[in-house]
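One structure follows; several queries about it will come next.
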Amino acid sequence: MITREQRRAMILNAALKVFSQKGINEATIENIAKEAEVGKGTVYEYFESKKSLFQEMIKFSVTQYHENLKKSLLVEGSLRVKLINLLKYHMKFLSENIDIIHTAAEPNNLSKDMRHWMMNERKVIFSQLKKILDEAKQNGEMKKSVNTELAVFCLIGTANQYGGNRVIVNKTGTNDAELEAVVSILLGGIGS
């Protein structure tokens, strides 16, 4: 028997697929119900409107991103290994969710409360990354003089720009050698 939480997750996964394919304006509760293999009324038992379903789907996706980001950083190994793993996961997430990321980026698609929630979630990600870099500094894998807060900004900026270019603009994806090179630049700097 399917639990209430499992059914909710089924609906959210179906919503992710439908919103990605059709966008928020063209997607319907009927489409989502059909994809989830539930009745339209069942969707309304969990979500009061298409907009609330969309916003809960964003929260669901961001929560999954956080959980998998944590796992990607828990790998055994050096800071280099952790950063490569983080970039691989970030690229995978971008490529699997690019359509919904575009839809969520539209200013009118998220409520003020939802935008506030997302800002708080960015702070959580920032804290996770800062913790990893602080640990690396303590372990001697990073220069003691490096400001870890600024280093996190550089890491996030690099991940987003590199990922955006490879997934969105060029649609080329990446490879291990290129990820190694990106991490080498992050760890070594660009100065002579």
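Return the only residue of Leu86, Leu133 being under 24 Å from Leu179 (Cβ atoms) and within 13 Å of the chain's Cα centre (by Cα). Spell out the reasoning first.
On the way: Leu133 fails: within 13 Å of the chain's Cα centre (by Cα).
After ruling out the rest, the residue left standing is Leu86.
When you look at Asn85, is it more than 17 Å from Gly189 (Cα to Cα), surrounded by 16 or more Cβ atoms within 10 Å (Cβ to Cβ) and not small (Gly, Ala, Ser), yes or no? Write out each step before concluding.
Details: more than 17 Å from Gly189 (Cα to Cα): yes; surrounded by 16 or more Cβ atoms within 10 Å (Cβ to Cβ): yes; not small (Gly, Ala, Ser): yes.
Taking the combined requirement at face value, the residue satisfies it.
Restricting the range 46-66 to residues that are charged (D, E, K, R) and surrounded by 17 or more Cβ atoms within 10 Å (Cβ to Cβ), which is farthest from Leu16 (Cα to Cα)? Walk me through it before giving the result.
Initial filter on the range 46-66 (charged (D, E, K, R)): 48, 50-51, 56, 59.
Restricting the remaining residues to those that are surrounded by 17 or more Cβ atoms within 10 Å (Cβ to Cβ) gives 50, 56.
Values: Lys50: 12, Glu56: 10 Å.
My answer is Lys50.
I would also like to ask the following. State yes or no: is Val81 without any contact (Cβ under 8 Å) to a residue 40 or more places away in the chain, farther than 24 Å from Val18 by Cβ and not in a loop (DSSP other than H, G, I, E, B)? Spell out how you get there, then give the answer.
Numbers: without any contact (Cβ under 8 Å) to a residue 40 or more places away in the chain: yes; farther than 24 Å from Val18 by Cβ: yes; not in a loop (DSSP other than H, G, I, E, B): yes.
Against the criterion (without any contact (Cβ under 8 Å) to a residue 40 or more places away in the chain, farther than 24 Å from Val18 by Cβ and not in a loop (DSSP other than H, G, I, E, B)), Val81 qualifies.
Also, quick follow-up: From the list Ser145, Ser192, Ser127, which residue is polar (S, T, N, Q) and either in a helix (DSSP H, G or I) or under 14 Å from the mean Cα position of the chain (by Cα) (or both)? Can you show your working first?
Numbers: Ser145 fails: either in a helix (DSSP H, G or I) or under 14 Å from the mean Cα position of the chain (by Cα) (or both); Ser192 fails: either in a helix (DSSP H, G or I) or under 14 Å from the mean Cα position of the chain (by Cα) (or both).
Residue meeting the stated conditions: Ser127.
Confirm whether Ala136 is small (Gly, Ala, Ser), over 30 Å from Lys51 (Cβ atoms) and part of a helix (DSSP H, G or I). Before you say what the answer is, go through the steps one by one.
Values: small (Gly, Ala, Ser): yes; over 30 Å from Lys51 (Cβ atoms): yes; part of a helix (DSSP H, G or I): yes.
It is true that Ala136 is small (Gly, Ala, Ser), over 30 Å from Lys51 (Cβ atoms) and part of a helix (DSSP H, G or I).
Looking only at the range 156-168, which residues are over 14 Å from the mean Cα position of the chain (by Cα) and within 14 Å of Lys88 (Cβ to Cβ)?
If the condition is that a residue be over 14 Å from the mean Cα position of the chain (by Cα) and within 14 Å of Lys88 (Cβ to Cβ), then Thr158, Tyr162, Arg166 are the ones that fit.
Is there a residue in the range 130-142 that is farther than 18 Å from Val81 by Cβ and either in contact with a helix residue (DSSP H, G or I) (Cβ under 9 Å, 6 or more places away or on another chain) or exposed (fewer than 15 other Cβ atoms within 10 Å of the Cβ) (or both)? If you could, list the steps in order and put the result at the bottom.
Residues of the range 130-142 that are farther than 18 Å from Val81 by Cβ, as a first pass: 130.
Subset that is either in contact with a helix residue (DSSP H, G or I) (Cβ under 9 Å, 6 or more places away or on another chain) or exposed (fewer than 15 other Cβ atoms within 10 Å of the Cβ) (or both): 130.
Checked the range 130-142: at least one residue is farther than 18 Å from Val81 by Cβ and either in contact with a helix residue (DSSP H, G or I) (Cβ under 9 Å, 6 or more places away or on another chain) or exposed (fewer than 15 other Cβ atoms within 10 Å of the Cβ) (or both).
Further, regarding this structure: Before we move on, is Lys171 assigned by TED's automatic domain parsing to the domain that holds Val75 and on the phi > 0 side of the Ramachandran plot?
Numbers: assigned by TED's automatic domain parsing to the domain that holds Val75: yes; on the phi > 0 side of the Ramachandran plot: yes.
It is true that Lys171 is assigned by TED's automatic domain parsing to the domain that holds Val75 and on the phi > 0 side of the Ramachandran plot.
Determine whether the range 41-58 contains at least one residue that is more than 14 Å from the chain's Cα centre (by Cα) and over 26 Å from Asp113 (Cβ atoms). I'd like the intermediate steps shown before the answer.
Taking the range 41-58 first, the residues more than 14 Å from the chain's Cα centre (by Cα) are 41-56.
After this cut, where a residue has to be over 26 Å from Asp113 (Cβ atoms) as well, the list is 41.
Yes: one or more hits.
Would you mind stating whether Val146 is crowded, with 17+ Cβ neighbours inside 10 Å, farther than 23 Å from Gln64 by Cα, β-branched (Val, Ile, Thr) and assigned by TED's automatic domain parsing to the domain that holds Lys59? Don't jump to the end; show me each part of the working.
Working: crowded, with 17+ Cβ neighbours inside 10 Å: no; farther than 23 Å from Gln64 by Cα: yes; β-branched (Val, Ile, Thr): yes; assigned by TED's automatic domain parsing to the domain that holds Lys59: yes.
For Val146, the condition - crowded, with 17+ Cβ neighbours inside 10 Å, farther than 23 Å from Gln64 by Cα, β-branched (Val, Ile, Thr) and assigned by TED's automatic domain parsing to the domain that holds Lys59 - is not met.
Table: residues versus (1) surrounded by 18 or more Cβ atoms within 10 Å (Cβ to Cβ); (2) at negative phi; (3) acidic (Asp, Glu).
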position	(1), (2), (3)
Lys40	no, yes, no
Tyr44	no, yes, no
Asn68	no, yes, no
Ser72	yes, yes, no
Glu76	no, yes, yes
Val81	no, yes, no
Ile100	yes, yes, no
Thr103	yes, yes, no
Leu110	yes, yes, no
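The values are calculated or read from the model by the stated rules, or taken from the named source; none is laboratory data. Everything numeric here is computed off the predicted structure, so don't read it as measured data. Glycine also receives a Cβ, built like all others from the backbone with ideal geometry; neighbour counts cover every protein chain displayed.
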